[in-house]
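Presented below is the structure to which this report refers.
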Amino acid sequence: MADSESGPPGPDIFAGQGVDADILAELYDLEHDAVTTDAHFYREMASRLTGPALDLGCGSGRLLRALLDGGARPIIGIDASPSLLRRAEARIAGDGALAAAAAAGALTLMLGDVRAIPRLPVKGGFGLVACAGVLPHLDGPEEALLMLDGVRRVLAADGRLVIDDVGPGLMPVRDLPLSVDWRRQLHGREVVRRSSLIRREMPEGLRVAYATITDVAQPDGTIARLPASHRLWYPSSGALEQLVAQAGMRVELSYGSHDLEPLGPMSERRILVVESAPVAGAGTAR
């Protein structure tokens, strides 16, 4: 189902971890599938912005059903992780509505790089481009601008880009030592994840060295210890808006939650709704 002709993959969040990527992808879903509070937001956005939808960094396809239920057709999901795309394929196969959409050619997965969005076979561009949780995995302003430039090229004239990431209320204000994040069950076995982080303030935002250790109980009673590490980037709101403007777009709306609460210093999410900026001298705005 996944099309590998969309360009070189990257950034693959599991690349170079030294742990089986399929195991890391399963743990990714163990954490992220518990998040359901954004489904109504993306369903509503898809219903307002009719037509094709692009899910950038779609991961294991958690948002696909919300986009489909909102009426998006066709839907294309792009991710750089083959392991996450395999899980997205399994998700689609296990969901009747998603499977039917895929069989009809209205839902496609592609292996590719969000920093080099290919020209996709969608007439008139995308009414909605969802970019949820992608920014932190980009290595700074240059890569973010590459992605935003690519979005502008594939966005419909009246389409919208949704940038959705961690809000100021959840930004770490100091380095954090290794501590337990959560305990869950996987196939009847206990999973415990611990994490630590080291932060660095930069002019363009916050850089974070983030490390996790996940302990998974094995059937024989032993513990499999799975380390992983990530370099994350959280641009300041000012820096992000400047990048949006450089890409020829502008922020139309901003929210601090998927319930459309105002964005403020204690907001746990930062959600920007971005539109193409009108060309100077082009006449009246649409």
Q) Within the stretch 72-79, is even one residue closer than 18 Å to residue 129 by Cβ, in contact with an Asp or Glu (Cβ under 6 Å, 6 or more places away or on another chain) and among the charged types (D, E, K, R)? A) no
Q. If you scan the stretch 72-109, which residues turn out to be surrounded by 23 or more Cβ atoms within 10 Å (Cβ to Cβ) and assigned to a strand (DSSP E or B)?
A. 75, 76, 77, 78, 79, 107, 109
Q | Among residues of the stretch 224-246, those that are in contact (Cβ under 8 Å) with a residue 40 or more places away in the chain and open to solvent by 60 Å² or more (accessible area, probe 1.4 Å), counted | A | 4
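Out of all the residues in the stretch 198-226, which are under 26 Å from the mean Cα position of the chain (by Cα) and of a type in the set (S, T, N, Q)? Talk me through it step by step, then tell me what you get.
Going through the stretch 198-226, the residues under 26 Å from the mean Cα position of the chain (by Cα) turn out to be 198-216, 226.
Residues satisfying the conditions are 212, 214.
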Q. Take the residues of the stretch 202-223 that are under 10 Å from residue 140 (Cα atoms) and not hydrophobic (A, V, I, L, M, F, W, C): which is surrounded by the fewest Cβ atoms within 10 Å (Cβ to Cβ)?
A. 207
(Q) Could you check the stretch 121-162 and list, in sequence order, the residues that are assigned to a loop (DSSP other than H, G, I, E, B), within 11 Å of residue 52 (Cα to Cα) and in contact with a Leu (Cβ under 9 Å, 6 or more places away or on another chain)? (A) 122, 125
Q.
Among the residues of the stretch 247-264, are any more than 30 Å from residue 44 (Cα to Cα), open to solvent by less than 30 Å² (accessible area, probe 1.4 Å), in a strand (DSSP E or B) and touching a Lys or Arg at 6+ places or on another chain (Cβ under 6 Å)?
A. no
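A quick yes/no check of all residues on (1) open to solvent by 20 Å² or more (accessible area, probe 1.4 Å); (2) under 21 Å from residue 228 (Cα atoms); (3) under 15 Å from the mean Cα position of the chain (by Cα); (4) touching a residue at least 60 places away in the same chain (Cβ under 8 Å):
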| site | (1), (2), (3), (4) |
| --- | --- |
| 29 | no, yes, yes, no |
| 43 | yes, no, no, no |
| 48 | yes, no, no, no |
| 62 | yes, no, yes, no |
| 70 | no, no, no, no |
(Q) Tell me whether the stretch 122-137 contains one or more residues that are open to solvent by less than 40 Å² (accessible area, probe 1.4 Å), of a type in the set (Val, Ile, Thr) and in contact with a Pro (Cβ under 8 Å, 6 or more places away or on another chain). (A) yes
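The values are calculated or read from the model by the stated rules, or taken from the named source; none is laboratory data. All values derive from a computational prediction rather than experimental measurement. In this analysis, Cβ positions are derived from the backbone assuming ideal geometry, glycine residues included, and neighbour counts consider all displayed protein chains. Areas reflect the complete protein model, heavy atoms only, side chains present, ligands, DNA and RNA absent. Shrake-Rupley method; radii C 1.70, N 1.55, O 1.52, S 1.80 Å.
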